[in-house]
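The values are calculated or read from the model by the stated rules, or taken from the named source; none is laboratory data. Values in this document were obtained by computation on a predicted structure and should not be read as measured data. Neighbour counts are summed over all protein chains in view; Cβ atoms, including those assigned to glycine, are modelled from backbone coordinates with ideal geometry. For the accessible areas, the whole protein counts, side chains as well, though only heavy atoms, and no ligand, DNA or RNA atoms are used. Shrake-Rupley method; radii C 1.70, N 1.55, O 1.52, S 1.80 Å.
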Amino acid sequence: MPRVADPRARIDLLRAAEAIFAENGLAAAKVEDITSRAGVSKGAFYLHFKSKQDCFRQIVEGVVARLSSCVEAARFDACVAPDSVEALLESRLDHVVDLLEFCWQNRGILQMILTGGGGTPYAYLIEAFAERIEQQSEGWLRHGVEAGLYRDDIEPAIVARLIAGTHERLVREIIKQPRRPDIEGWARQAQDMLTRGLFSGAASAIVDRTVTKNRERDERPREPRAKAKTG
C-alpha cells in the first residue's frame, strides 16, 4: 500500500527548507539538513517534493502569491475626493507597512530571489509581480486625477513606474538590514515624498493643514507621567 503524504509534514518541511535555503543558499542546501530540522524522514521529503529545487520553487511561488495578496488588499478602485485625503493616506500607509513587514519577515528568501543567489532562476516571478503593481498604481493614479486628488498634468504610466521603483528600492534596503528597521517611519517618508509632488492644490492645502496641526501637537509640552506605584 503506497504511503500517504501528511499535509502537516509538508508544512514543517517547507518551513525547515525556507530556513535552510536562507542560511546556506540553494546550491549548498542538503535534503538531509531540511528533513533533520523538520523532524521527518528523507522518504517523507520525497513524498511531497521531487527535489530540493522543486521544494524551493514551491516556497518562492508561495511567497510571491502572499505578496500579491498584500497588494490586492490595497486596491482603491473608487474615486476619492480631495477632502478625504487624510483618511486615504493613512489607509494606504497601513497597507504599505504590512507589505514591507511581510518582506522583512521573508527577507532570506526574497534576497535569494532578487539577487539570484545560489543560481535561483525565479527573478522573473518578481518581474511579473512588479508589472502588476505598476498596472494597479497606474489605474489608481488615473482615478485620482479624475477625482481632483492628483494634478491633471501628470502622466500616470510614468509616475506608476517611479512609484514602483521607489518601493522596490525600499524593499531591497529593508531586507538587507541586520536588524529590523523603522519600517513605518521609512514607509511614511517614502509616501510623503511621492505624494507631495502629485497632489492637486486642494489636496495639498488639506495635507499642509494636517502637517501643521500634527507639528503643533508634537511640540506641546507633555504632562509628566505618573510614577508607577510600588509595593
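Determine, for each peptide in 187-198, 54-65, the mean count of other beta carbons within 10 angstrom over its residues, then list the peptides with the highest first.
The peptides rank, most packed first, as 54-65, 187-198.
Once amide H atoms are placed 1.01 Å from N in the peptide plane, what residues at a sequence separation of 5 or more from Y150, or on another chain, have their amide H within under 5 Å of its amide H?
V145, S200
Once label points are set 7 Å from the Cα along Cα→Cβ at both I158 and L93, what is their separation, rounded to one decimal in nm?
The answer from the label model is 2.9 nm.
Using a 1.4 angstrom probe, figure out how much accessible area the range 93-161 has per residue, in square angstrom, rounded to the nearest whole.
Working: 3340 Å² over 69 residues.
Per residue, the range 93-161 has an accessible area of 48 Å².
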